[in-house]
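The block underneath contains the structure these notes are about, expressed in structure tokens.
Read-outs: derived from the displayed coordinates by stated rules, not from any lab. In this text the structure is predicted, and so the values were computed from the model without any measurement. All Cβ positions, glycine included, derive from the backbone under ideal geometry; neighbour counts span all protein chains shown.
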Amino acid sequence: MKKNEAILLLVLFLFAFSLRFYDLSYPDFKWMDENAHVPAAIHYWNDGQSEPDNWEHPPLRHIILYGFLKLFGDNPFGWRMRNVLSGAIAAVLTYLFARQISGSRKTALMAGLLLATDPLHVVFSRYTCDEVYGGAFFLAAVVLYVKYAGTLKVGDTSNVTDAHKQGMLFVLSAFFMGCALAIKWNFVPGWILVLLLALFRNADSRDVRSAAFVSSIYLLVPLSMYLLSYYQWFGRGYTVKELMELVINGYYSLQSYTSETYIPGMTFLSHPSASEWFVRPIVMGQGIYLNAHLGEFNLFVNNPPVWILTIPSMIGLAIVAVRKKSMTIALPVIFFCASYMLFLFVRRPVFLYSAVPLLPFAFTAIAFLTVKLSDRFSAKLYYAVLALMLSWSLFLYPLVTAKKVPIAPYRYILDDTHINIT
Amino acid sequence: MLVRVLKGIVMVKENSGDLSFKEVAKEHPATGILLNVRTAYSLTAILLFIMAIIVVTYHGSNSRLFASDKAEFTVENPELAYEIWKEKQVQGRVLLLFDSYPHMGGFGAYDGIPRLNRSNLIEFCVFQNIIRKIYVIVPDQDWEEFRRHPFLHPLREVAGVERGLYLDNLSGVLMIATTPSSLPHMAEETLVYINDRMFNYETTLDLLSRKWIVSDILIRYRVKEEM
């Protein structure tokens, strides 16, 4: 990577970080799931128990949060810095992923900026939502895999140093995938997908040693991470067999979730289906009217002007990939579909926060096609689309992050019925 | 085999930078086929996984504490069972609960830190990590009625057990409802709690003996007027 691109990445990180960090200590009390996540982190570290949080999800989230609580203290920074950092890193990783897919800096920059400014990603990066850092781990695994896939192939004349470098890329990818899996099971389709892609990359599956290498690294490293994340739980006397019992119980328990399982009036219950994420506006959250002209709101929105382009972009990218016979170009589509299908067909309510890990792939596809179209018609198109999208996202920023905002410009958004006004 | 693999790794390392794998393999045909970097990484991953299993197994087994001698106690109040388990310093244990379904309201059922009361003995002991797994024993004749109870949240059937259900609860503690006839043999010593009003004490002891179940602390709950 050239120096000026490294500087660009640093600026992107700082920009994403600033949006997430600014006024982080407000509110200075735990809100929504923070009331469960923070005590659960302490409880898990001390006693190996996940209460008052859900027991079904793997416990790496508690361990990481506990580390941040130790680092920053039991205060808003300790509660939220994990997400601020991983949210900002996710913007950089989105840039790197889009760069790998397209080879274009313009595509990468647009994708990175879209994630850096996306209202939903920003809001959840200022909160303890699992999908932000889980998604960042997953994206890191994908970026490292793509890097690995672009290096040595079976039959290449290589030296030991190159082979070690390649091996380490794959191990690191497996490590981050393990971290993602030890946070939520949402990443299982992506895990299997990378494993299959690696196996069938250049017919690696036909070479026994290469197949063994891919399978052992990508199965056992994540499983080891998963197992070790339960270290405190094992401290309650449990056995590996009992962990399997717990995991199967967790699966059955999650499958049994219905809208009635949740606390009545929970914000996300107004939109319990993934089918509408990328096709219609979704606005929910909470807020307060300070007077007739001023209000303060914390909203979860799907940013329709950008998100609505996702499905057409995915179709467009798939067509480009087929025409060019390029698996690399198809990767955003494949990863997006693998994750999204799970949410579309799973037998339980699925809420908007689960869309967060999909966004890097969505924005890469949107950026890719925007650049392709601007190359074909006019270079100005790229800058116009980028400026419009960023302006819109930044316009929403104060509205969704509990800043005092004038009511008038946001009236049509606030009129939505799914906002709990106090 | 392992020695040959390790020797090969050393040779590959010594030759790194100068020779390709193919050349290393040519020079050392006996080991060259197996010994390349990918094999080394595969073996490392397998070792890592085995180590992870060993570490957590050792940690789990070290966290199970048993009473130094076997003893039977009779209590008039359920809370006293906690005092006995605490005094005997047991931890991370399997409990056979010959009683009604335990209170499992979760943290949300308490105002502040959970405290022991007459109804929450089992849940409180789960909070204290005295109990890690519970077998709730339901009389055979009551099983069908029990499993249809509206407040019961069965997760799934227990494989290999005729009458056995994993029950959902807020702490996620492994809780299995079963009947005396379906109660499986336990390889490790268990804690046993028998409510005299629900289960005949002698019959229960006979059941444990027939299933080769050993208990280091057996608690019999009898209300005073029955003693």
Mean separation of Cα pairs under 8 Å and 6+ residues apart, divided by the residue count of chain A: what relative contact order is that in percent? 20 percent
Antiparallel DSSP bridges in chain A: what percent, to the nearest 5? 75 percent
In the range B:130-165, which trypsin sites (Lys or Arg not before Pro) are in a loop and have at most 12 other Cβ atoms within 10 Å, using DSSP for the loop call? B:ARG148
Cα-based Rg of the range B:154-218 normalised by 2.2 N^0.38 Å, two decimals: 1.19
Charge context of A:LEU394, other residues only, Cβ under 13 angstrom, K/R +1, D/E -1: 0
Sorting A:PHE278, A:ALA318, A:ALA292 by the position of each Cα along the dipole of the range A:223-380 (Lys, Arg +1; Asp, Glu -1; all at Cβ), the one nearest the positive end of that ordering is A:ALA318
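Give the calculated FRET efficiency between B:ILE46 and A:THR258 to the nearest 0.05, with a Förster radius of 30 Å applied to their Cβ-Cβ distance. Before the final figure, lay out the partial values.
Working: r = 42 Å, r/R0 = 1.38.
The value I calculate is 0.10.
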Row for the range B:71-226, column shape: gyration tensor on C-alpha, a ≥ b ≥ c, rounded if a/c < 1.5 i.e. under 1.5, prolate if a/b over b/c, else oblate; value rounded
Which order results if B:ILE84, A:ILE319, B:ILE131 are arranged by neighbouring Cβ count within 10 Å, fewest first? A:ILE319, B:ILE84, B:ILE131
Just grab the label-to-label distance for B:ASN62 and A:THR161, each label 7 Å out from Cα along the Cβ direction, in nm (one decimal). 4.1 nm
When only C-alpha pairs under 8 Å and at least 6 residues apart count, what is the relative contact order of the range A:15-110, in percent? 27 percent
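Fewest first, what order do A:LEU113, A:LEU294, A:LEU8 take by the number of other Cβ atoms within 10 Å?
Ascending Cβ contact count within 10 Å gives the list A:LEU294, A:LEU8, A:LEU113.
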Hey, how many Å between the Cα centroid of the range B:174-227 and the Cα centroid of the range A:322-343? 57 Å
Non-local amide H neighbours of B:THR74 (under 5 Å, H modeled in plane, Pro and chain starts lacking H): which ones? B:ARG220
I need the GluC sites (Glu not before Pro) found in the range B:126-179, filtered to DSSP loop residues with at most 15 other beta carbons within 10 Å of theirs. B:GLU162
For the pairs A:LYS147/A:LYS380; A:LYS2/A:LYS147; A:LYS241/B:LYS211, flag any whose C-alpha to C-alpha distance is greater than 23 Å. A:LYS147/A:LYS380
Inter-probe distance in nm under a simple model that places probes 7 Å from Cα toward Cβ, at B:SER209 and A:ARG105: 8.5 nm
Gained length - B:ARG148 relative to B:GLU202, 0.36 nm times residue gap less alpha-carbon distance: 16.5 nm
Hey, which aspartates and glutamates would be in cross-link range of A:LYS404, C-alpha to C-alpha under 15 Å, not counting anything within fewer than 8 residues on its own chain? A:ASP23, A:GLU296
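When A:MET314, A:MET1 are ordered from fewest to most other Cβ atoms inside 10 Å of their Cβ, what list results?
If I rank by nearby Cβ atoms, fewest first, I get A:MET1, A:MET314.
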Which of rounded, prolate or oblate describes the range B:51-124 when judged by the alpha-carbon gyration tensor and an a/c cut-off of 1.5? oblate
Please identify the chymotrypsin sites (Phe, Trp or Tyr not before Pro) of the range A:359-420 that satisfy two criteria: DSSP loop assignment and at most 15 other Cβ atoms within 10 Å. Which are they? A:PHE377
What net charge do the residues around B:ARG115 carry, taking every other residue with its C-beta under 15 Å from that of B:ARG115, with Lys and Arg at +1 and Asp and Glu at -1? -2
Based on C-alpha coordinates, I'd like the Rg and Dmax of chain A, in Å. 21.6, 72
So, over other residues within a Cβ distance under 15 Å of B:GLY172, counting Lys, Arg +1 and Asp, Glu -1, the net charge is -3
Please list 3J(HN,Hα) in residue order for the range B:140-151, calculated via the Karplus relation 6.51 cos²θ - 1.76 cosθ + 1.60 where θ = phi - 60°; whole Hz, with x for glycine and proline. 3, 5, 9, 4, 4, 5, 4, 6, 9, 4, x, 8
Given the convex hull of the Cα atoms of the range A:1-75, what is a quarter of its surface area in nm²? 6.9 nm²
